[in-house]
Amino acid sequence: MNPPNKKNNSEAKSILIFPGGMPRSLEYLQKCLREGQSVIGASSLAHDVSREKYPGWLSLPFITQPEFDQALKRAISESNIGGIYSPNPVVWDYLSRALAELAPGVTLVNDSPVNVELSGYRVARNHARSLLGSPLPLASNVAAAPPMSEIELAALFRHADVIPGMCDHEKFCVLCEIARSSPAGDIVEIGSWWGKSAFILSRLARCYAIGKLLCIDPWSNAHLVQNDGKGMVDKVSAQVDAEEALAVFEMNLLPYNANHVNYLRMPSTDGARHYRAHRDVTTASFGTTRYDGRIAILHIDGNHSYAAAKADIAAWSGLVVAGGWIVVDDYIWPYGDGPQTAGDEFLAEHQDKIDAAFVMGSALFLQLSASLATD
């Protein structure tokens, strides 16, 4: 007797991946293998180096050859194929029209490759149109620059989307708006990790001629420990590789760098001392970048413990220029209230020196008046 809820091998249907050597095909192969899905690769090449990656393999004629239909029909029958995955737009289009007659019941398991590849770009353009159509009204003490064009904004959304990270859409849109109402100066980010928000800030800095981006992050597992209430964040943090995270950050930012991005691999308070004492920052990957020494936008997203968040604000806020912005990320954070408590204390202490304060997404946004920069 077979185990309950499991099919006989003779009943289990396989997925045919054709052509098997395309990058999307190999990604889908790994998904199938993880899920325990029976899978067979196929190619029309006489020698396909991807063959060894598959548990099963078939050779098929090119779809332009007259024998293709019968060869596919025979393969479906002999290999018990129930679905076909094809990232090739020409193959997919042909099979979408021919399968109903060639092999009734066998379907394509993926959407049109053209739609799949372009979906992210279409979403980015929709985001751009939405933001341009409904800009965030800011009572800023700095006159707003004209917004980026739709295509520039769409490019920003699209390229940011492929970088891993947790910058929510609401915060992303507000960053775009405060950059329009920012004075000139450096942009400093405390906590960059894989570089998602760093990319956004660096691109905004270039588009609005604000200044250069300096990222401060120790990229150290020891500094990830936040002692969150239930230990859920710390448990996940212990599983990541800080060295790999730095490499990912560099890979994400290097293609866009025009000598306006660099980083200090050190804790935030050490970084503040370095920033006050030196104008140049040099790294092997980004070369030497000269900074202004005055901050236009300060983005705080480091360790979220109360002590660390308070220390970050204390170390850096006095360097923010008149009209400059402080962003306290994860002000609303389900794992603890460190950033919120530190942010609220800063608000209470300096309420007469803050021209604007609001929360969007999970972040607190503050625009300073002239007096704080002179403290």
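Give me D for region 62-137 in µm² s⁻¹, whole number, from Stokes-Einstein with Rh from the Kirkwood sum over alpha-carbon pairs, 25 °C and 0.890 mPa s.
Working: Rh = 14.8 Å.
Reported coefficient: 165 µm²/s.
Between region 58-83 and region 297-375, how far is it from one alpha carbon centroid to the other, in angstrom?
62 Å
Can you tell me the relative contact order of region 275-370? Whole percent, Cα pairs under 8 Å, sequence separation 6 or more.
Details: 160 pairs, mean separation 24.1, N = 96.
Relative CO of region 275-370 lands at 25 percent.
For region 6-101, state which GluC sites (Glu not before Pro) are in a DSSP loop and have at most 14 other beta carbons lying within 10 Å of their beta carbon.
Details: sites: 11, 27, 35, 52, 67, 78, 101; in loops: 11, 67.
Sparse-neighbourhood loop GluC sites (Glu not before Pro): 11, 67.
May I ask you to give the average projected area over all directions of the convex hull of the Cα atoms of region 150-195, in nm² rounded to one decimal?
Working: hull surface 15.4 nm².
Mean projected area of the Cα convex hull: 3.9 nm².
Can you tell me, using C-alpha contacts under 8 Å and at least 6 residues apart, the relative contact order of region 175-331 as a whole percent?
Details: 290 pairs, mean separation 46.6, N = 157.
Once divided by the residue count of region 175-331, the mean separation gives 30 percent.
What lysines could a cross-link reach from residue 13, if we take a straight Cα to Cα line under 29 Å and drop same-chain neighbours fewer than 8 places away?
In chain and number order, the partners are 31, 53, 73.
Since every read-out is calculated from the coordinates, none of them should be taken as a lab result. Given the structure is predicted, the values throughout are model-derived calculations rather than measurements. Note that we place each Cβ from the backbone using ideal geometry, even for glycine, and neighbour counts take in every protein chain shown.
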